[in-house]
Amino acid sequence: MKVGQSKKTIIVREYQLEIGKVQVYDNYMVSIFNEGATLTLERAFQIIGISEIHFRDKDFGYISLRKNSYAIDPTVYTYVREMENLKAFAIVSMKEMDMHNFKIEKLFYKKQMKFFIEYNNALAWVKRRVKDAKK
């Protein structure tokens, strides 16, 4: 291994759901939802269930990689914000509409949430927040 070369990131598990896919890594999850999908409370509970399987007793972060346009029931955030071990919530998109929606979503979530244009910046932030939470 060369000096400065980062170690390979390995997907622990990938779930293909009706709404899209969820990838689970060591201490974070990434969701990529389908075009035109709607994230309802019922579908959010599926994702919360996945987080409980993999992160029941440890802190983790969540990255919403918004490659496609889809709708979100904002009441989802009422339940998500109750998750004590969710330490970082990042949204990644280059779409202006997603930037506007982020401001509204943030009002419902009421915890640490950040918007990024670059995935790698979001990933670095999430990893840092999860690591800092352990201190």
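The values are calculated or read from the model by the stated rules, or taken from the named source; none is laboratory data. Given the structure is predicted, the values throughout are model-derived calculations rather than measurements. Heads up, the Cβs are rebuilt from the backbone with ideal geometry, glycines too, and the neighbour counts pull from every protein chain shown.
With the requirement that a residue be in contact (Cβ under 8 Å) with a residue 40 or more places away in the chain and not hydrophobic (A, V, I, L, M, F, W, C), what does region 103-126 give you?
TYR119, the sole residue that qualifies.
Does region 107-135 hold any residues that are at pLDDT below 90 and under 17 Å from MET29 (Cα atoms), and which are they?
Scanning region 107-135 gives GLN112, ALA133.
Conditions first: (1) touching a residue at least 12 places away in the same chain (Cβ under 8 Å); (2) in a strand (DSSP E or B); (3) among the acidic types (Asp, Glu). GLU14 passes all but one, so which condition is the exception?
(1)
With the condition kept exactly as written, say whether any residue in region 96-114 is within 24 Å of ARG13 (Cα to Cα) and either touching a Pro at 6+ places or on another chain (Cβ under 6 Å) or of a type in the set (Asp, Glu) (or both).
no
Scan region 26-47 and report the pairs whose first residue is farther than 17 Å from TYR109 by Cβ and without any contact (Cβ under 8 Å) to a residue 24 or more places away in the chain and whose second residue is crowded, with 20+ Cβ neighbours inside 10 Å and among the polar types (S, T, N, Q), with Cβ atoms within less than 8 Å and a gap of 6+ or a chain change.
From region 26-47, no pairs qualify.
Can GLU105 be described as exposed (fewer than 13 other Cβ atoms within 10 Å of the Cβ) and out of contact with any strand residue (DSSP E or B) (no Cβ under 6 Å at 6 or more places or on another chain)?
No, not satisfied.
Which residue out of ILE72, ILE53, ILE104 is at pLDDT 95 or above and hydrophobic (A, V, I, L, M, F, W, C)?
Values: ILE72 fails: at pLDDT 95 or above; ILE104 fails: at pLDDT 95 or above.
Criteria check complete, one pass: ILE53.
Condition check: surrounded by fewer than 17 Cβ atoms within 10 Å (Cβ to Cβ), in contact (Cβ under 8 Å) with a residue 24 or more places away in the chain and charged (D, E, K, R). Does LYS87 satisfy that? So that I can check it myself, show each step before the final result.
Working: surrounded by fewer than 17 Cβ atoms within 10 Å (Cβ to Cβ): no; in contact (Cβ under 8 Å) with a residue 24 or more places away in the chain: yes; charged (D, E, K, R): yes.
Against the criterion (surrounded by fewer than 17 Cβ atoms within 10 Å (Cβ to Cβ), in contact (Cβ under 8 Å) with a residue 24 or more places away in the chain and charged (D, E, K, R)), LYS87 does not qualify.
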